[in-house]
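Here's the structure, in C-alpha cells; my notes come after.
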Amino acid sequence: MKKIVSFAALLLSLVFASSCGKESGAVAGGKKLAAPEIKIAALGPTSFSIKWSRVEGAANYEYEFADTKASTDTTVLTLSDLQEDTEYTLVLTAVPREGSADTQSEPAYINVVTSKVEPLPAPVITLGCAYASKTVINWSSVGGASGYSYTLGSQSGTTKETRMEFTNLRPSRSYTFTVKALSDDATISNDSVESTLEFTTEGDDIPALIISPSGTGADYATFEVFAMPEMTYYQDMIPTTSLITRTEEEILSIYRDAIVDYAKSQNVSFQLAMASALKAGSRSFKIGGLVSELSYNIIAFGMDVNGNVTTGLYTKPVKTTRTGYSDGPNFGSCSWFTQEVYLDKQYAATLGLNLTNSFFTRWKGDNVVSIKYRAFPTETFLKAFPTMDENAIKEILNTPGYSTEVGESLMSMVNDRDGLMKVTECSAATSYTVAALAKNASGEEVLLVNSIGTKSIAEERTWFVTSLGVNTNYPPTSEKIIASFMGVNILNVRYGLFKTDNISEVPKSLYARLVEEYGHDVTEDQIAHVNDGGLGFICAAEPNTSYTLIATATNTAGDKLTKYSVGSTTAATSAPAGVSRNSVRNDGNVIYYSIFDVIPGMEGRTVEEKMPFSEDELWREIHNQKLLER
C-alpha cells in the first residue's frame, strides 16, 4: 500500500494566513501574483523534480514540503532522499519583489507519487551445447544491466558478457545453471530474478565437431562450430522437412558429391578448390536468405581436401521467427486510440524502400487531438528506460526537440476510419521501438509502445500462401469467389472463409484461433494439390461483398503458419437471388456460427485454372531444396 505524506490542517492554515497577511499590508494599486503552474520534470523511485513558468513580478518562490519550509529563486526544484512508491504533496507560492505593491500568489499544490523500483527483466537462457569438456550457455542481453552473476554447481562469478563456456564438467551428469542481471543503478532498478537452466551433459566426451546456435531472426540464423585447428569441415543449414526424409548416409553423399563436383569445375587444383569450400578450426557463422517461421537444422561434418568425409553428420535444430517479430517492449492500450507498427513491402516499394530499410506506423483514434511520438532503436530505448517508467517516457515525448508532433492538419486522418500511416526509414536487421503519447478532446492521455524488427534481405519468403479472388472462368463473379492454397511439404490445412465485416473487430493475432474454432480441414487426398501447383475451391458468395480467407497450414516438421487473404465479389449485373442458409452447406448441414458468418459452401474440387501466386510471396525452392533433390 502506498504511504501518504500529507500536511496538517494547521500547516495549511498557516500558508493561507501568510498569504492573507501580505495582502493586508500591500501598497494600494498592487496586484496579486499569478499562482505558479507546476509540472513534473523528472520522476524516480527516491526523487522527483518539478518545474514551472516564471511568474511575472515574482522575486522568488516559497515552498512547503514534508514539514520543511524554504524558498528558491529558480523555476526548477529537485527533492531527493524520498521513499519509493510514496505519495508526496508540495505547496508553492510566488513571492513579489521587496517594496512592490504586488501581493504573493495563491498557493499552488502538486501531488507526486514516486515510482517503484522494479527488477530488471530476467535473462532468457539458450543452451548451445553440453559436453564434459565444453558446455556453452548463452543468454539475452538486458538493458540497464551492469553485468550478470551466475552459478553452476559450486562455480559462481560475474561477467559483462552474455555467454559462458565451461570445460571441467562430468559426462552424463545433471547440472543447474542460474544467471541474473545486475542493476546499473539501484535507485532506478533492482537486480533481476534468477533465470534457471537444467541440463544433462552428454555421455560421450567432446565430439569432433560441436554446433552451438546463438540466435535467429526472421530470415537468418547465427551459430558457432567448434573444431580442432587442424580439422576441416563443411557446415550449412537445411529445412527440417528435407532432413527428416533422408538418412544420414544420403545427406552426406549428396553434399560430398556436390562439393567434389564444385571443386572439379574450378580452374585451380582440386585440393585448393576443396580448401576454399571447407572451413578449419572454431568459427562463427551467420546464414541469411532463410524462410520465416520454418524449422531448420544446422549441419556440419568433417571433410578433407581430398574429398573424403571424415566424420558423421552433426545437427542442431533452430527455427526462424516471423517477419517483423521483435522481442522489444509492447505495452499500452485504450479504447479510443491504437498504434500499429508493421512492415509493408508494397507501400515501401512505391517509395523506393523495402523490408530491410523501412517500417510503417498506423495511428487510428476517436476524437484524438494530439500525438507526440519518437522511434528509437530498441537497444537505445531499453538503456534509456530500463524499468519501462511510463512517466519518464512521457516526459521525453513532452520535451521539445526530443519528439515529433503530428500536425494539426493531419488529425482528421487519425480520426478517420483508415487512420494515418507514416513511414520511417531505418537500418536492416535491427529492432526499433515506437513510443506515442496521444491526447483526446476530453483531456485523457495514453502512452502506447510497440516494437518491430526489420529484415536482413529485401525478399519476403514463406512456405505457405493463400489467395482469394474472382475468376472470369467461373462466373458469375458476383456470386462465386475462388479460395486457393499453395505450399511446400504441407501435411494439413485448416481454413475458414468469413465475411470481412463480420470479423472486422477480431485482431489478426487471433486469426489462428478463429480458424481453429470455426474452420474446416482440407481432405487428405487434396493435400497433394497444395504441394503441387496449388489447390482452389469455388465458394458461393454474395454480390459486391468482401471476404477474408484464413488458413493454418502444418508442414511435415510440425511447423504451423497462419495466412490470410482478402477478396471481393463484383456487383450483380441484375437483381440476384438471395443466398439462403440452405445454399451454404457443408456435409449437408446448415452452419450457424454465433456472430461469425462462416461461408463453407465449397464444391470440394480443384480449380483447374489456378489463381495466380506471386513468386515474391512463395519461395518454392527453399534453401538447398534442389541440392537435396539431386
Expected single match for of a type outside the set (Phe, Trp, Tyr), part of a loop (DSSP other than H, G, I, E, B) and surrounded by fewer than 17 Cβ atoms within 10 Å (Cβ to Cβ) among Ala132, Ala101 is Ala101
Restricted to the stretch 135-161 and to residues being surrounded by 19 or more Cβ atoms within 10 Å (Cβ to Cβ) and among the β-branched types (Val, Ile, Thr), the residue nearest to Ser431 (Cα to Cα) is Val142
Residue pairs within 8 Å by beta carbon, gap of at least six or interchain, first lying in the stretch 246-273 and assigned by TED's automatic domain parsing to the domain that holds Thr310, second charged (D, E, K, R), listed first then second, are Ile254/Arg246; Ile254/Arg630; Tyr255/Asp236; Asp257/Arg630; Ala258/Arg630; Phe270/Lys264; Ala273/Lys264
**OP:** Could you please let me know if Gly401 is surrounded by fewer than 21 Cβ atoms within 10 Å (Cβ to Cβ), at positive phi and within 16 Å of the chain's Cα centre (by Cα)?
**Re:** no
When the stretch 212-244 is checked residue by residue, the ones that are assigned to a loop (DSSP other than H, G, I, E, B), under 17 Å from Gly281 (Cα atoms) and of a type outside the set (Asp, Glu) are Ala227, Met228, Pro229, Met231
For the stretch 452-464, the count of residues that are part of a strand (DSSP E or B) and either modelled with pLDDT of 95 or more or of a type in the set (Phe, Trp, Tyr) (or both) equals 1
Residue set Leu343, Leu294; condition under 16 Å from Ile457 (Cβ atoms), touching a residue at least 24 places away in the same chain (Cβ under 8 Å), surrounded by 19 or more Cβ atoms within 10 Å (Cβ to Cβ) and not assigned by TED's automatic domain parsing to the domain that holds Thr424; output residue Leu294
Practice task
Go through the residues of the stretch 498-505 one by one and say whether even a single one is in contact with a Ser or Thr (Cβ under 7 Å, 6 or more places away or on another chain) and crowded, with 21+ Cβ neighbours inside 10 Å.
Solution key: yes
Subset of the stretch 323-340, residues in contact (Cβ under 8 Å) with a residue 40 or more places away in the chain and farther than 21 Å from Pro386 by Cα, comes to Thr323, Gly324, Cys334, Trp336, Phe337, Thr338, Gln339, Glu340
Note on the stretch 23-67: residues farther than 15 Å from Tyr109 by Cα and at pLDDT 90 or above are Lys31, Lys32, Leu33, Arg54, Val55, Glu56, Gly57, Ala58, Ala59, Asn60
When the stretch 339-374 is checked residue by residue, the ones that are touching a helix residue (DSSP H, G or I) at 6+ places or on another chain (Cβ under 6 Å) and not in a strand (DSSP E or B) are Asn354, Leu355
Picking from Ile210, Ile251, Ile244, the residue that is crowded, with 18+ Cβ neighbours inside 10 Å and farther than 22 Å from Leu127 by Cβ would be Ile251
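The values are calculated or read from the model by the stated rules, or taken from the named source; none is laboratory data. Note that the structure is predicted; figures quoted are calculated from it, not measured. Glycine gets a Cβ as well: all are built from the backbone with ideal geometry, and neighbour counts include every protein chain shown.
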